[in-house]
1. Based on Cβ point charges of +1 for Lys and Arg and -1 for Asp and Glu, what charge dipole magnitude is obtained for region 366-435 about its Cα centre, in debye rounded to the nearest 20?
2. Counting only residues 5 or more places away or on other chains, whose amide H sits under 5 Å from the amide H of L192 once H atoms are built in the peptide plane?
3. T265 to S301: extension gain in nm, 0.36 nm per residue of separation minus the Cα-Cα distance?
4. Under the definition of Cα pairs under 8 Å and six or more residues apart, what whole-number percent is the relative contact order of region 283-392?
5. Can you list residues from other chains, or at least 5 along the same chain, whose modelled amide H is less than 5 Å from the amide H of S43?
6. Can you give the FRET efficiency to the nearest 0.05 for I195 and A96, using r as the Cβ-Cβ distance and R₀ = 41 Å?
7. Give me the number: length gained by fully extending T384 to A434, i.e. 0.36 nm times residue separation minus the C-alpha to C-alpha distance, one decimal in nm.
8. Once you put a point 7 Å from the Cα of A203 and another 7 Å from the Cα of T373, both along the Cβ direction, what distance in nm separates them?
Amino acid sequence: MRLAALAAAIVAAAVVPDGAPGVGIVAVALLVGVAARLGTGSSLDLWLFGTAALALAGIAALSDAAWVVAIDLIAALLLGTLAVGGATLLAPIAPARALRSVPEITPRPNAAVVPVARGIGLVGIVTVPFAALLISADAAFAAIADGIPFPATDLWPARGVVFVLVLAGALGLGLVRREPLRQLSLERPRALRPIEWMLPLGALVALFVAFVGVQVTVLFGGRDHVLRTTGLTYAEYARSGYWQLLATAVLTLAVIAAALRLADTPTRSHRVILRALLAALCGLTLVLLASALHRLDLYESAFGLTRLRLTAEAFAWGLASFFALVVLAGAVPAVGRNFARTAIAATAAGLLAFSLSNPDGTIARQNIERWRTTGSLDVGYLQTLSSDAAPSIAELPPGLRDVALAPLAERLAPGDGWGSLNLSRQRARDVLAAK
C-alpha cells in the first residue's frame, strides 16, 4: 500500500504540474485506487464507488474541457472517500483522520541507509548552486546544458505540493480501516404530532398546486399571454424565475427530510397521509422543475447556449431524477433501505453521462444551429471553448471557422507530453490539419 501511494505521488509530481489534463491523471487515479484497495480490502462500497471514481477520473483522458474535468475530479475524490469510508456523512474526512496512523506503519530507517540518504541530499545542495554559476559563466557549457532534458526548475514548488497532497491522500485512503468511522449518533428531537406536521405540509402542497396552475397557463398560453399578464418579454420572464425554482426544489428536499425525521405517525392512517403529502410534494416539485427547464429553454432560444446555462440545465435534470428516486424509495422498500448508496451511485452515473455527452461540443453545435436559423453567432464565445468543440465548429463556413478555431490552433500547436495525452485534443489536431 505504501509503495502504491508513493508511486502515485511520484507520477503526480512528474505529470500534473507540467501540462494539460490527460492520461497522467488517469495513471495517478489508478495508483491511488490500488493503494486504497491494498489498505482497506474488498467491499461493496469500494467496488461501487471506487469504480465510479475511476470512471470520472478517466474523463481527463477523453475531454479537453477543463471545467468538466475539474468537476469530475472533485466528484472522483468524494467518491473515493465514500469507497473506503462507506456511504456516511463522515466519509469525506476519513482520510484526514486516518493519517494519524502513518507513524505506526512507517519503518524505522536502517542505520546503513541514513548516511547514503544524507549524502544524496548533500549532492543536490552542493552541486546545484555551482552548476548554475558555471552555466551562466560559459556559453558553450550552457549550450551543452540546454541539451540535457532537465525538468523545468520553476515547476519544482508545484511538484512538491502535488507530491505531498497525493501521497497524503493515497495514504489516508489506504489507512481508513485503521481509523474506523463512527456513525453520526444525533438524538432524535421531539417528534411533531400529526396535526403539527399535517398543517404545514398540507399548506405547502396547496401553495404548490396554485403555483403549478399558473405555470400550466404560462406553458400553454405562449408568448402573448406572458406579455399580456406580466409586461415582460419571454426571455425576461424565463430568466426571472429559473434560479428561484431551483432554490424551491432544494428547500423542498430539506422539508421532506425534516418531515421523515420529525413526523410522529402513531397509526397506519397517519403513515399513509404522510406518504401521500410527501409524494404530492415530490410530484408538484417535478412540475416546478419542468417549468424551470422550459424557462431556460426559452432563454437559450433567445440568447444561445453557454456553459453556465448547460450546467444549470443538467443540475435541474439531476434534481428531477433525485425527486423521482425519493418517490421510488417510498414505493419500493428495498430502495428506501439503500437510499443513500443508490442516490450516490445514480449521481455519479449522471455526472459521468453528462461528461461523456461532450458539453462543449453540445454548446457549439446548438449555437451553430441557432445561427443557421437566426443569423446570430457569438464567435468570441466559440473561441473560448475547448478542443471538444472543434468538430462542431469545423462545420462553419471557412471564414467563420478559421476565426473561431484560431485560438485553439495556437494553443494546440506545441503538442502534449505523455502525461497530457488526450483523445479530444488529438481529434482537434486532426480537424485543424484537415481544414
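1. About 60 debye.
2. Distant-sequence amide H within range of L192: A263, D264.
3. 8.2 nm
4. On the way: 63 pairs, mean separation 29.3, N = 110.
For region 283-392, the relative contact order is 27 percent.
5. none
6. Values: r = 45 Å, r/R0 = 1.10.
About 0.35, to the nearest 0.05.
7. Stretched fully, the T384-A434 segment lengthens by 15.9 nm.
8. Result: 4.3 nm between the two label points.
Bear in mind that the values in this text are calculations on the coordinates, not laboratory data. The structure presented is a predicted model; accordingly, all values stated were derived computationally and were not measured. Note that we place each Cβ from the backbone using ideal geometry, even for glycine, and neighbour counts take in every protein chain shown.
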